[in-house]
1. If you count only protein heavy atoms with a 1.4 Å probe, what accessible area per residue comes out for segment 255-442, rounded to a whole Å²?
2. Taking amide H atoms as placed 1.01 Å from N in the peptide plane, list the residues 5 or more away in sequence, or in a different chain, whose amide H sits under 5 Å from that of I35.
3. Looking at A310, V128, F114, which one has the Cα that reaches farthest to the positive end of the dipole of the chain (charges on Cβ: Lys, Arg +1; Asp, Glu -1)?
4. Could you order the peptides 263-270, 50-57 from most to least packed, using the average number of other C-beta atoms within 10 Å per residue?
5. Please determine, in degrees from 0 to 90 and to the nearest 10, the orientation of helix 43-61 with respect to the longest principal axis defined by the Cα atoms of the chain, where the helix direction is its Cα long axis.
6. Can you list residues whose amide H is under 5 Å from T351's amide H, if they're 5+ apart or on another chain and H is modeled 1.01 Å from N?
7. How much of T42 can a 1.4 Å solvent probe reach, expressed as accessible area in Å² and rounded to 10?
8. So if R0 is 35 Å, what FRET efficiency would D396 and Q337 give, r being the distance between their Cβ atoms, rounded to the nearest 0.05?
Amino acid sequence: MADHPACHLLIAGEALSGEGRDTQDIVDPATGEMIGSVPHATAADLDRALEAAQRGFRTWRDTSADQRTAILLKAAALIRERAAAIGEALTREQGKPLKEAIGETVYSAMLLEFYAQEIKRVYGRTLVRPAGQRVEVQYHPVGPVAGFAAWNFPSLNVMRKIGGALAAGCSVIVKPSEETPAAGLALVQACIDAGVPGDAVQCVFGVPNDVSTHLLGSPIIRKVTFTGSTQVGKHLAKLAADDLKVATMELGGHAPVLVFADADIDRALDTMAANAFRNAGQVCVSPTRFLIEEPVFEQFRDGFVERTEALKVGNGFAKDTDMGPMASSRGLERMEQLIGDARDRGAHVLTGGERIGNQGFFHQPTVLAEVPVDATIMNEEPFGPIALLNPAAGEDAMIAEANRLPYGLAAYTWTKDPARRRRLAAEIETGMLAIDTGSVSAADAPFGGVKWSGYGSEDGREGVLACMVPKTVHEG
Ligand code: NAD
């Protein structure tokens with residue numbers, strides 16, 4: 001498509017493409033057609049990026065906090081100005097409704113604004129000692145960071161990789177997904193346009209495992225941060241361990257939703273039915289395993305199906321679209337496998353269950369009920385437009401089911417009982433807990449998981465501290 005932005009590498013401030021580099025097609029998931037291509041970095045390109053990152057680290061770390069704040073705020077302003085164009089490219093590459101793509105990009109600017117201000121609040125401390133002695137705890141940037149971002153939030157995932165690192169004074173090389181390169185590249189360009197040195201923020205593409213192996217194999221990189229599947233996260237954590245690099249892993253989830261009989265059922269339905277199908281369910285905090293107390297099971301089930309069937313599936317550029325296509329044919333194949341397996345094991349398909357048409361990667365919003373616990377979909381992250389509704393026999397059983405899986409990213413609960421809210425907050429193994437809300441993310445709040453959902457946080461003051469290391473200075 002002629003108006004799709006050209007994608008290139010950004011190494012040491014230079015836009016690089018062509019010159020015999022391999023390229024990868026970018027596909028519009030609404031049509032299945034090629035809309036552009038992205039170059040793969042060569043080993044020499046990655047070495048150049050590493051050398052630049054080492055130089056950029058020294059320059060950026062020595063830039064005063066005030067100056068870093070001013071530059072990052074300017075970058076955020078540029079991202080806001082460019083949000084409509086970035087959002088359009090994002091929708092074309094990833095499929096989500098345009099208003100969500102623009103909203104995600106504006107949210108990325110908000111996150112950068114938070115980080116830019118937070119730099120000023122990274123305090124050290126002085127410890128109490130006898131006169132003449134002094135012990136000071138200082139916080140220093142960890143060093144050059146390598147960030148790997150997934151395709152489901154092409155703007156936000158990239159900002160989560162670069163924002164905290166730049167705020168902390170680190171240089172960063174980010175690899176957005178090759179399937180959705182334009183938005184992340186535009187965010188890096190905005191940082192450079194605002195005054196971040198081109199050596200301090202760089203963008204590369206390539207065969208994911210080749211790029212991560214190359215960058216993590218270098219002693220220059222001191223931290224890795226990754227958003228994606230648990231399987232790849234474990235692999236990268238092992239590579240990081242070989243050189244004892246710091247790691248932040250934002251991995252998969254399979255969020256339980258505990259709906260109690262005392263809940264405001266209509267509010268729970270309105271919030272959770274919209275959430276479950278946002279971004280075609282390709283969200284790491286997507287509500288997926290619904291545990292509904294028996295007295296309200298039928299009411300909740302029927303209300304959920306009614307709301308699901310009212311959703312409009314279509315091209316992300318159409319004004320009335322609630323849900324776009326899945327981002328790739330892999331997602332469709334996975335949905336077919338998971339639904340087939342659940343059906344074979346006795347789950348009821350209440351609505352949906354099928355691919356829509358044969359152009360692009362559209363799938364019906366799908367609701368399964370009474371899904372046996374041994375169905376694959378009850379154990380592996382579905383990452384698609386599907387909700388699993390099961391009746392549950394009271395609080396203890398619901399908590400046990402919520403904690404049954406090795407994942408622990410987000411959990412949702414709906415109850416008016418204050419004492420129960422406290423118990424759930426204490427007992428559910430999760431990085432983020434939502435009580436009577438669908439929201440688990442905010443620029444000033446840490447975002448991250450426990451168990452197989454990963455470790456380390458992004459966003460909030462924790463997102464900056466995750467890119468810093470303490471140094472204790474003892475003076476006698
Ligand atoms: P995947 O695990 O191969 O890819 C996920 C992301 O990781 C992609 O952006 C990819 O470019 C990157 N990646 C893959 N291998 C890498 C490597 N060795 N080094 C660096 N980056 C690498 O699989 P997929 O088919 O894209 O998605 C499969 C599943 O992953 C989904 O069904 C979902 O469960 C999970 N996922 C989770 C998130 C999340 O937000 N936590 C995002 C995307 C995918």
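1. The answer is 39 Å² per residue.
2. Answer set, sorted by chain and number: I26, V27, D28.
3. Result: V128.
4. 50-57, 263-270
5. Value to nearest ten degrees: 70.
6. V367
7. Spelled out: T42, probe radius 1.4 Å, area about 60 Å².
8. After rounding to 0.05, the efficiency reads 0.60.
The values are calculated or read from the model by the stated rules, or taken from the named source; none is laboratory data. The model shown is predicted, which means the values in this text are computed figures rather than measured ones. We place every Cβ from the backbone using ideal geometry, glycine too, and count neighbours over all the protein chains shown. Protein only, heavy atoms only, side chains kept; ligands, DNA and RNA dropped before computing areas. Shrake-Rupley method; radii C 1.70, N 1.55, O 1.52, S 1.80 Å.
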